[in-house]
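One structure is given below, encoded as structure tokens.
Every number in this text was worked out from the coordinates using simple rules, so none of it is lab data. This is a predicted model, so every value here is computed, not measured. Ideal geometry is used to build each Cβ from the backbone, glycine not excepted, and the neighbour counts take in all protein chains shown.
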Amino acid sequence: MRFKALKIAIRYLLSFKGSTFIISLISFFGIVISTAGILLTNGVFEGFQDNLRIKLLGSMPNIILTYVGDDSKVDIPKVLGILEKNKKDIKMFSYFKIYHGAIQRGSYISAVNVDAMDFGNTKNLVFFANKIKGSLDKKGVILGKDLAAMLGVSKGDYVSIISPVGVQTPFGYMPKVQNLPVVGTLNSGIFDIDYSTVLMDNSFADKLFVNNPPTRVVEINLKNPFYAPSFAKSLKPLIGEKFIITTWIDMNKPLFEALQTEERGIFFVLTLMIVVASFNITSLLFIKVKEKLRDIAIFRVYGEPKSFIMAIILIQGLLLSLSGFLVGVLVSFVLEFFINKFKLIHVQKSIYLMSYVPVSISFKDVMEVFLLVIFLSLVAAFIPSYYAVKENIVRILRND
Amino acid sequence: MTESVIELKNVSKIYKDKPVVEGLSLSIKKGEFVGIMGPSGSGKSTTLHIIGGIETPSSGDVNILGVWYAKDGKVLNEKAVSKLRKKYISFIFQFYYLLEDFDVLENVSLFGDKKKAIELLSFLRLDHRLNYKPYELSGGEQQRVAIARALVREPQILIADEPTGNLDYKESHKIFSLLKSLNKESNITIIVATHNEELKPFFDRVIYLG
């Protein structure tokens with residue numbers, strides 16, 4: 001019975017009389033355009049997010065272990081030893097301390113994070129290696145490029161690094177100041193870092209910030225960054241509860257959640273395009289049902305059940321939507337290819353970390369649109385199919 | 001004694017307060033070729049529709065092939081009636097009602113076995129028209145396709161509503177000769193509504209309405 005209904009549905013769908021051809025085309029292209037519209041819009045969002053992830057991954061560690069407090073409660077060499085043993089998952093890691101201080105140049109003072117690390121140990125500089133312009137002179141400081149620009153200093157100029165908890169006096173702690181030459185600049189690509197970071201060799205920093213409790217930081221990059229949450233979970237029992245473990249996903253959660261919310265919102269709005277296209281299917285099928293009422297009456301006179309008649313009409317709606325969907329998917333992939341090949345969507349690199357947005361249509365999006373099209377076309381076809389079986393056979397035959 | 005395949009007891013049908021069929025009782029036996037005659041508006045088509053289970057009576061009892069289609073004011077549910085029609089009852093109409101989008105063979109095979117459809121169409125001298133669309137056929141040919149469609153399921157009852165109403169005298173006689181031979185050879189019960197008195201000799205029995 002199903003194949004018979006399919007055969008009849010195909011024949012009726014391809015039977016054009018008068019205006020039904022135009023309405024069929026409008027319905028078909030409605031689905032094509034709405035499918036392509038949703039897929040490309042979601043593709044732009046996906047492409048943007050993927051690219052942003054890559055850019056962020058290139059500029060920040062995958063996992064950060066932080067500890068603030070009494071040194072005696074954590075065993076840093078032990079933690080570093082554990083990481084050494086996990087070389088199969090870890091690409092690189094570095095250890096340093098962060099002191100909170102200030103920098104002064106003339107009358108200008110700004111709060112900074114002083115990253116104290118061993119300039120002589122290249123292992124500790126893996127995250128900065130390609131981003132430092134200048135020398136790694138242990139007697140100098142490296143400033144974030146935006147910080148250097150704001151202070152108006154360049155290589156060779158002197159700046160004052162201020163330790164807020166410096167010298168103990170009867171009146172409390174007095175700040176301690178040390179003048180150091182600028183030996184280089186750091187360009188991480190992230191404004192927050194480049195505006196507020198000073199790199200110092202730990203031999204100098206530990207003396208200057210002797211009374212300041214440091215934040216101990218271990219930065220880890222994995223071979224597979226997407227493995228970060230599960231790796232972080234497995235690391236927790238090994239290194240103890242004292243460390244705060246943050247993955248790159250946690251750090252950027254608000255950003256990606258905001259982007260996904262926006263993507264969902266736009267997906268919902270664009271869904272209305274399919275709804276409108278489905279209205280066309282409803283109109284078309286109503287006309288088709290009107291045209292074929294006599295045939296419907298004959299099928300029913302010959303004992304075909306109502307479900308058979310409904311199936312013929314529902315299949316027509318489904319076939320029209322599916323063909324529109326398939327062409328829409330094809331159009332989307334062709335446009336995706338050209339947009340990516342000719343880099344057609346330009347954005348400002350200083351704001352978005354990328355000069356163009358690639359389009360990335362995912363299988364998940366295709367499946368979502370597929371299910372949506374199927375559902376809406378069934379709803380759209382149900383109304384005329386219900387109308388078809390509600391018609392009185394005798395009335396149809398008498399009217400002829 | 002031959003069994004009744006159709007039995008109507010005191011059947012009435014009222015349309016918009018106007019009785020179309022009133023207190024009709026009749027019994028049709030298996031293998032009979034019955035004519036229902038009467039002037040226009042006498043309720044011939046309505047009677048056929050009730051006998052064929054496509055129209056419910058306003059009152060009275062209707063038994064089709066031993067199944068009570070209507071009894072004591074209750075009517076058999078639509079699913080069961082559809083099954084009954086699909087298995088045992090076929091129809092032929094004055095305007096043929098062939099499916100325009102399908103060719104001759106499909107018009108018949110959609111309602112039954114394809115092999116049987118070809119056999120019937122050959123028997124009805126339509127084997128050279130198998131791939132023709134209905135609009136490419138003459139009225140007589142179209143009615144023969146409709147007859148093939150009606151017979152492809154090997155029904156027990158064939159109901160024909162003015163089957164020659166659109167045909168000339170010669171074609172009408174050909175169609176009735178064909179129905180008569182089918183009735184004799186296959187023992188199908190055939191009930192025909194017509195107002196054409198000239199066709200009366202073909203019937204075993206005539207029921208007058210109005």
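Results, tabulated for the structure shown:
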| item | result |
| --- | --- |
| Amide H partners (placed H, <5 Å) of A:Val347, local residues excluded | A:Tyr356, A:Val357 |
| Modelled label reach - B:Glu198, point 7 Å along Cα→Cβ, segment B:119-163 residues with backbone N closer than 17 Å | B:139-140, B:162-163 |
| Cross-link table A:Lys7/A:Lys390; A:Lys97/A:Lys176; B:Lys9/B:Lys71; B:Lys87/B:Lys115, entries beyond 20 Å C-alpha to C-alpha | A:Lys7/A:Lys390 |
| Cα Rg, Dmax (largest Cα-Cα span) when computed across the protein assembly as shown, Å | 43.3, 137 |
| Spatial separation of Cα centroids for segment A:345-371 and segment A:1-70, in angstrom | 12 |
| R0 of 30 Å, Cβ-Cβ distance A:Lys233-A:Asn211: FRET efficiency to nearest 0.05 | 0.25 |
| Qualifying aspartates and glutamates (Cα of each under 13 Å from Cα of A:Lys155; at least 8 residues distant if same chain) | A:Asp137 |
| Approximate spin-label separation A:Asn252-A:Val276, in nm, with each point projected 7 Å along Cα-to-Cβ | 3.5 |
| Net dipole in debye of chain A [+1 Lys, Arg Cβ; -1 Asp, Glu Cβ; about Cα centre; nearest 20] | 1300 |
| Cβ neighbours within 10 Å from other chains - mean over A:387-399 | 2 |
| For chain A, with +1 on Lys and Arg beta carbons and -1 on Asp and Glu, the positive-most of A:Ser323, A:Leu6, A:Leu147 along the dipole | A:Leu6 |
| 19 Å reach of a label modelled at B:Lys16, 7 Å along Cα-to-Cβ, counting backbone N of segment B:34-56 | B:40-47, B:56 |
| C-alpha long axis of helix A:306-341 to longest principal axis of chain A, angle in ° | 40 |
| Chain B, helix-only ellipticity at 222 nm - DSSP H runs n ≥ 4, -39,500 (n - 2.57), divided by all residues, nearest 500 | -9500 deg cm²/dmol |
| Nonlocal amide H pairs with B:Ile14, under 5 Å, H built at 1.01 Å | B:Val20, B:Ser58 |
| Helical contribution to [θ] at 222 nm, DSSP H n ≥ 4, -39,500 (n - 2.57), averaged over chain A, rounded to 500 | -18500 deg cm²/dmol |
| Volume per residue of the C-alpha convex hull in segment A:37-108, rounded to whole Å³ | 199 |
| 10 Å Cβ neighbours from other chains, averaged over peptide A:304-312 | 2 |
| Reachable lysines, given that their alpha-carbon falls under 18 Å from the alpha-carbon of B:Lys184 and they are not under 8 places away in the same chain | B:Lys29, B:Lys30, B:Lys174, B:Lys200 |
| Low-density loop cleavage sites - GluC sites (Glu not before Pro) in segment B:1-42, where at most 16 other Cβ are within 10 Å (DSSP) | B:Glu3 |
| Potential extension, A:Asp70-A:Phe286 segment - 0.36 nm per residue separation minus Cα distance | 70.0 nm |
| Degrees, to the nearest 10: A:363-390 long Cα axis against longest axis of chain A | 30 |
| Computed label-point distance, nm, for sites B:Glu136 and A:Val347 using a 7 Å Cα→Cβ extension | 6.0 |
| Spin-label model distance (nm) - A:Ser19 vs B:Thr56, 7 Å beyond Cα toward Cβ | 3.6 |
| Size of charge dipole - segment A:29-90 - debye, nearest 20, with Cβ of Lys, Arg +1 and Asp, Glu -1, no other charges | 160 |
| Loop-located trypsin sites (Lys or Arg not before Pro) in segment B:16-108, at most 16 other Cβ atoms within 10 Å (DSSP) | B:Lys16, B:Lys30 |
| Sites A:Tyr108 and A:Ser362, calculated FRET efficiency, Cβ-Cβ separation with R0 41 Å, nearest 0.05 | 0.25 |
| 0 to 90° range, to nearest 10: angle between helix A:2-13 axis and chain A longest Cα axis | 90 |
| Qualifying trypsin sites (Lys or Arg not before Pro) for segment A:155-226 [loop in DSSP, other Cβ within 10 Å: at most 15] | A:Lys223 |
| Under 19 Å from A:Lys78, Cα to Cα: aspartates and glutamates that are on another chain or at least 8 residues apart | A:Asp70, A:Asp89, A:Asp118, A:Glu219, A:Glu241 |
